[in-house]
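Participant: Quick one: structure below, then a few questions.
Here, each number is a calculation from the coordinates, and none is a lab measurement. None of these values were measured; they are calculated from a predicted model. Counting neighbours? That spans all protein chains shown, and the Cβs are built from the backbone with ideal geometry, glycine included.
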Amino acid sequence: MLRYLLIVADYSKAAARSSHCWFSVDRVAGDAETTAWKRLARLRQSQWREGRGYPIGSHPHGGGDEATPVGSSAFDAAIELDIGGGLLGLIGIETKYHEHAVVAAVPKAPALARYLEVTERSGAFTDGWRERVVGTALQQIWQDHLLALSMLQHPSGRWAWARFVLLYPAANASFARAATAYRTLLRDTTTFEARTIDELIAAPEALPGITKARLLERYF
């Protein structure tokens, strides 16, 4: 699989520009497998959009080859469940496709204080978690997970159950490693789940046939 990705994704700089792909944001130092996946994934997306005449807009950050990413935390989708008794459950979903897990800057003091408060109150983490998360490549997963944990701590008491689900392609080795590492930091894993997009698409009767076909066409 790795050899195939490296061969397919080894396009020239001219070809990359014509397909609106950028080497600078897709190269991951010391990780050829993740670099190959990111380049192939972005190329596939660009070709898919161009083939349908859609606006490109494929640069992930804007402003040229060396643009700086702007970080944020939000669910890609949130599903509320009626679990009875006037209470709700929540599934928060974050999808990573061509992205890779990068070392993040330590949050500023006011934000960090709030993150630590939610984390410690949850009781979900093992001792020594902070040194292995804050300012590391696991920080983004942690911040997204905290969105779900904070719902359980809401003063209204409305949400009685929550789970953060991280989705990524099986070929995305970077997030596969990050998800495995993150799970080891949890004393209680009931609020965190990591799944591959591949296995969800392959699940019997999970999607209508046409939806499955369109997803496979665009992303795989």
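Participant: For region 98-204, state which trypsin sites (Lys or Arg not before Pro) are in a DSSP loop and have at most 15 other beta carbons lying within 10 Å of their beta carbon.
Facilitator: The qualifying sites are Lys108, Arg158, Arg187.
Participant: Residues with beta-carbon under 11 Å from that of Asp144, excluding Asp144: net charge, scoring Lys, Arg +1 and Asp, Glu -1?
Facilitator: Local net charge: -1.
Participant: With a point put 7 Å past each Cα toward its Cβ, work out how far Asp198 is from Val103 in nm, to one decimal.
Facilitator: 2.9
Participant: Applying a 10 Å radius around every beta-carbon, put 90-96, 199-205 in order of their mean neighbour count, most first.
Facilitator: Order by mean packing, descending: 90-96, 199-205.
Participant: Now a separate question. Which value results when the Cα radius of gyration for region 77-168 is divided by 2.2 N^0.38 Å?
Facilitator: In units of the 2.2 N^0.38 Å rule of thumb, it is 1.16.
Participant: Based on the Cβ-Cβ distance from Glu205 to Arg121, what FRET efficiency comes out when R0 is 25 Å, to the nearest 0.05?
Facilitator: So the FRET efficiency works out to roughly 0.05.
Participant: Once you place label points 7 Å from the Cα toward the Cβ at Ile79 and Arg114, how far apart are they in nm?
Facilitator: For Ile79 paired with Arg114, the spin-label model returns 2.8 nm.
Participant: Between Ala29 and Thr180, take the C-beta separation as r, use R0 = 22 Å, and let me know the FRET efficiency to the nearest 0.05.
Facilitator: With a Förster radius of 22 Å, E is 0.55.
Participant: Mind jotting down the distance between the C-alpha centroids of region 110-170 and region 175-208, whole Å?
Facilitator: 16
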